[in-house]
Amino acid sequence: MQIQELQQQIDAIQIAALEAIKAASNLKELDQVRVQYLGKKGELTGLMKMIKSVPNEDKPKVGQLVNGGRTVIEEAIELAKDGLKAKELEEQLKREAVDVTLPGRTQVMGNRHVLTQIMEEIEDLFISMGYQVVDGFELETDHYNFEMMNLPQNHPARDMQDTFYINDELLLRTHTSPVQARMMEQHDFTKGPLKMISPGRVFRRDDDDATHSHQFHQVEGLVVAKDISLADLKGTLDLFAKSLFGAERETRLRPSYFPFTEPSVEVDVSCFKCGGKGCNVCKHTGWIEILGCGLVHPNVLEMAGVDHTVYSGFAFGIGADRIAMLKYGIDDIRHLYQNDVRFLEQF
Ligand code: PHE
């Protein structure tokens with residue numbers, strides 16, 4: 001083959017290769033072009049094989065020409081490769097782009113149940129006055145729930161608390177008062193007074209309606225020491241009422257009856273809605289009943305092994321559900337137990 005002819009063929013391959021390189025739209029296609037022209041069986045490689053059939057003196061020239069063509073194509077491929085890589089990177093970045101201007105996803109924040117909040121508020125207040133917080137048993141014995149609270153078998157006042165009995169001796173506690181007896185039995189009074197509160201669930205056989213529930217919550221309070229009087233109780237509950245319902249609140253004591261206290265009183269707080277003038281919350285009396293309390297009955301002290309001639313005490317039982325309902329204007333106690341998030345998230 002003439003050198004000239006060879007040159008023409010190389011030119012033709014080069015032109016075709018450059019076209020193909022330009023047309024390659026991704027790296028894979030570009031590599032196919034490389035194989036087609038420069039690979040072992042490629043078109044340019046095929047020409048190199050002809051070197052065998054040319055006279056010796058022409059061989060360097062042929063090699064030079066073929067390699068020249070090869071270099072041109074190789075350089076064009078490298079250049080195209082850089083371009084395609086940049087293009088693919090750009091596409092990848094576009095694909096993976098994050099729009100930082102999009103509004104974030106809102107997280108639903110849970111909150112503590114309104115009753116838990118009230119109970120913790122009450123706990124914090126009494127802790128600040130040096131009370132200890134103790135847990136009691138929801139499953140109690142008749143002995144602690146009633147007998148130790150000065151309610152022997154067949155005592156008519158047992159009817160005040162209609163009871164879920166498990167068997168003759170076990171029951172669901174009807175109030176948190178049994179914790180009083182358990183704590184008095186354990187306490188070493190030579191070491192100082194007993195000051196405790198005990199929050200928890202209590203149970204009574206009741207048909208559920210807007211103001212009654214077969215389960216509700218109480219916070220029991222008990223102080224036993226030397227020389228505890230009704231004045232101590234009144235001062236303590238005054239502070240409690242002001243802390244929960246506002247500094248302007250006043251309290252009044254009304255005589256009442258509980259078997260485990262003597263005297264027994266009910267505590268009213270001046271209406272926090274109308275300030276005492278009379279409204280629908282206080283049923284136009286200006287006062288709202290918030291808890292029952294009294295001085296610990298001598299029988300209760302004695303049964304728990306406390307000498308009533310040396311020690312005296314006061315006790316109170318706060319209805320936490322009632323406090324929450326009053327404080328937040330909740331008109332149906334069942335809201336507290338139905339776990340409707342639309343209700344609960346308001347607090
Ligand atoms: N245990 C009483 C009740 O549930 C409340 C109370 C407690 C009253 C302590 C006086 C003293 O009704």
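Just so you know, all these numbers are worked out from the coordinates, no wet-lab data involved. Since the model is a prediction, treat every value here as computed from it, not as a measurement. Note: ideal-geometry Cβ built from the backbone for every residue, glycine included; neighbour counts use all protein chains shown.
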If I model region 199-276 as equal point scatterers sitting on the Cα atoms and use the Debye formula, what is log10 I(q)/I(0) at q = 0.13, 0.27 Å⁻¹? -0.56, -1.22
Most mobile listed residue (G69, G136, G292) in the chain, GNM with C-alpha springs under 10 Å: G69
With labels modelled as points extended 7 Å from the Cα through the Cβ direction, what inter-label distance (nm, one decimal) is found for N299 paired with A225? 2.8 nm
Note down the nm distance, to one decimal, between modelled labels 7 Å out along Cα→Cβ at E138 and at Q2. 10.8 nm
Computed P(r) (all Cα pairs; region 277-333; 5 Å bins; percent): 4, 15, 17, 15, 12, 9, 10, 10, 7, 1
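Can you tell me which of 107-117, 266-276 comes out highest on packing, and rank the rest after it, using the mean Cβ neighbours within 10 Å? Please report the intermediate quantities before stating the final value.
Numbers: 107-117: 12.5, 266-276: 18.9.
Order by mean packing, descending: 266-276, 107-117.
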So, relative contact order of the chain in percent, Cα under 8 Å, 6 or more apart, is 14 percent
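Under 12 Å from the Cβ of E169, count the other residues' Cβ atoms, weight Lys and Arg +1, Asp and Glu -1, and hand me the total.
Values: positive: none; negative: E140, D142, E147, D168.
Taking every Cβ under 12 Å from that of E169, the sum is -4.
Please give the contour-minus-distance gain from K40 to L125: 0.36 nm per residue of separation, less the Cα-Cα distance, rounded to one decimal in nm.
That works out to 21.6 nm of additional length.
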The ratio Rg/Rh over the Cα atoms of region 74-127, Rh being the Kirkwood inverse mean 1/r radius, stands at 1.71
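Rounded if a/c is under 1.5, else prolate if a/b is larger than b/c, else oblate: which is region 237-294, with a ≥ b ≥ c the root eigenvalues of its Cα gyration tensor? Write down the numbers at each step before the final one.
Working: a/c = 3.13, a/b = 1.64, b/c = 1.91.
The shape class here is oblate.
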Between the helical axis of 27-38 and the dominant principal axis of the chain, each derived from Cα atoms, what acute angle in degrees is found, rounded to the nearest 10? 20 degrees
Helix axis angle, 59-95 relative to the chain longest principal axis, alpha carbon, degrees: 20 degrees
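To the nearest 500 deg cm²/dmol, what mean residue ellipticity at 222 nm is calculated for the chain from DSSP H runs of n ≥ 4 alone, each contributing -39,500 (n - 2.57), summed and divided by the residues?
Numbers: 12 runs with 144 residues, N = 347.
Rounded to the nearest 500, the figure is -13000 deg cm²/dmol.
Assuming R0 = 56 Å, what is the FRET efficiency of V108 and T309, from their Cβ-Cβ distance, to the nearest 0.05? Please report the intermediate quantities before stating the final value.
Values: r = 59 Å, r/R0 = 1.06.
Once rounded, the FRET efficiency stands at 0.40.
In terms of the Cα gyration tensor, with a ≥ b ≥ c the square roots of its eigenvalues, is region 15-70 rounded because a/c is under 1.5, prolate because a/b exceeds b/c, or oblate?
Details: a/c = 4.06, a/b = 2.59, b/c = 1.57.
Prolate is the answer for region 15-70, as a/c is 1.5 or above and a/b outweighs b/c.
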How long is region 223-347 along each principal axis, judged by its Cα atoms, biggest number first, in Å? 52, 34, 23
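Treating only the Cβ of Lys, Arg, Asp and Glu as charged (+1, +1, -1, -1), what charge dipole size does the chain show about its Cα centre? Round to the nearest 20 debye. Before the final figure, lay out the partial values.
Numbers: 38 positive and 53 negative charges, 334 e Å.
Using only the charged Cβ atoms, the result is roughly 1600 debye.
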Quick one: in region 132-279, what % of C-alpha pairs are over 17 Å apart? 69 percent
Packing-wise, with mean Cβ within 10 Å as the measure, how do 94-105, 326-337 rank, highest first? 326-337, 94-105
Roughly speaking, what is the centre-to-centre gap between region 195-213 and region 239-310 when only Cα atoms are used, to the nearest Å? 17 Å
For a protection proxy built on the mean count of beta-carbon atoms within 10 angstrom, sort 312-321, 220-229 highest first, please. 312-321, 220-229
Length gained if E19 through E248 is fully extended, taking 0.36 nm per residue and subtracting the Cα-Cα distance, is 73.1 nm
Relative to the first principal axis of the alpha-carbon coordinates of the chain, what is the inclination of helix 114-128, with its axis defined by its Cα atoms, in degrees from 0 to 90 and to the nearest 10? 60 degrees
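Can you work out the FRET efficiency for the pair K49 and K94, with r the C-beta to C-beta distance and R0 = 35 Å, to the nearest 0.05? Can you show the working numbers first?
Numbers: r = 46 Å, r/R0 = 1.30.
Calculated value: 0.15.
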Computed Kirkwood radius, in angstrom, where 1/r is averaged over Cα pairs of region 51-203: 24.5 Å
So which chymotrypsin sites (Phe, Trp or Tyr not before Pro) in region 201-259 end up in coil per DSSP with only 15 or fewer other C-beta atoms within 10 Å? Y257
Using only alpha carbons, build the gyration tensor for region 149-192 and give me the equivalent ellipsoid semi-axes, biggest first, whole Å. 26, 12, 9
Mean-square fluctuation maximum in Gaussian network of the chain, Cα pairs under 10 Å, restricted to R34, R322, R205, hits R34
Sorted largest first, the Cα spans of the chain on the principal axes come out in Å as 137, 46, 39
